[in-house]
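What follows is a single structure, written as structure tokens, with notes after it.
The values are calculated or read from the model by the stated rules, or taken from the named source; none is laboratory data. Being a predicted model, the structure only gives us computed values, none of them experimental. Backbone-built Cβ (ideal geometry, glycine too); neighbour counts: all protein chains shown. What goes into the accessible areas is simple: the full protein's heavy atoms, side chains included, and nothing from ligands, DNA or RNA. Shrake-Rupley method; radii C 1.70, N 1.55, O 1.52, S 1.80 Å.
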Amino acid sequence: MTTSTVLAAAGEVSGGEEITFWILAPLALLGAIGMLWARNAVHSALWLVLTMLCLGVFYVLQAGPFIGMVQIIVYTGAIMMLFLFVLMLVGRDSSDSLIETLRGQRVAAILLGLGFAGLVAGGLARALDGTTPVGLDEANAEGNVQGIARLLFTKYVFAFELTSALLITAAVGAMVLAHVERRREDKMDQVATMKARFAPGNYPGPKPGPGVFATSSSVATPARLPDGRLTERSIPEIMPVRELSAEETTLKGTDR
């Protein structure tokens, strides 16, 4: 396949490719806008996942299966999912993203971002205007994936290994910074844990489940003991105690 044939094929758009583009392009744009406008950090990450999935499909349509699969598997499937799980575990409130420590930083960030994007687009347009791509046949002679692998492990092997070392160092550093070392006197062995469990005032047995022998299955409804009394031990401490009416607190099968 010659260079002219490659350019002619690149200038043609098949029917299936055009239909896929018109379907996924609005979704990618919608995901990008949703990522910027979502107040919840988890929702913002999910919108970004949608955009990355659409980009991966676009790469595959443009005869780039390697970068398309990397986009979906590595960025969307690994990095973004890890970021999403961290957000869900740590917990982010929508009010946290609305607090500005520096006044006017959002407006400045938007203006600087637009200016940088304009500079990059202008530089690329001037650099690529009127140029003819050469060497595509030789680079992809045995396939796109084989060509990228040959460059990574021959010409750019030092940069590839250096990048891998930096990523591993960053991951280990994040684990070290996030690790909290407990003092020896704060650690409890099995004997201390058993004594604390059976200390006076504690309830060592399993707590009754909420709604057991009760008129409601809500977790805010205290359970009834065999003698008919209500027990507050069945309600989690973080939940507010719901006020029960006289009808709810009355035993079943009674006339009261």
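From largest accessible area down, sort MET69, MET81, MET88; use a 1.4 Å probe on the protein chains.
In descending accessible area the options line up as MET88, MET69, MET81.
Between ARG183 and VAL74, what is the label-point separation in nm under the 7 Å Cα-to-beta-carbon projection?
For VAL74 paired with ARG183, the spin-label model returns 4.6 nm.
Keeping all protein chains in the complex and leaving out DNA, RNA and ligands, what accessible area do you get for ASP186 with a 1.4 Å probe, in Å² to the nearest 10?
So the heavy atoms of ASP186 present about 70 Å² to solvent.
For ALA149 and MET88, what does the FRET efficiency come to when R0 = 30 Å and r is the distance between their Cβ atoms, rounded to the nearest 0.05?
Values: r = 36 Å, r/R0 = 1.18.
After rounding, the FRET efficiency stands at 0.25.
Per 0.36 nm of contour for each residue apart, how much would the distance between LEU29 and ALA174 grow if the chain were fully extended, relative to their Cα-Cα spacing?
Computed gain between LEU29 and ALA174 is 48.9 nm.
Any idea of THR132's accessible area? Nearest 10 Å², probe 1.4 Å.
Result for THR132: roughly 90 Å² accessible.
Using r as the Cβ-Cβ distance of GLU18 and LEU124, and R0 as 35 Å, what FRET efficiency do you calculate, to the nearest 0.05?
0.90
Between ALA108 and GLU161, what is the spin-label point distance in nm, taking each point 7 Å from the Cα along the Cα→C-beta axis?
Distance between the two pseudo-spin positions: 4.3 nm.
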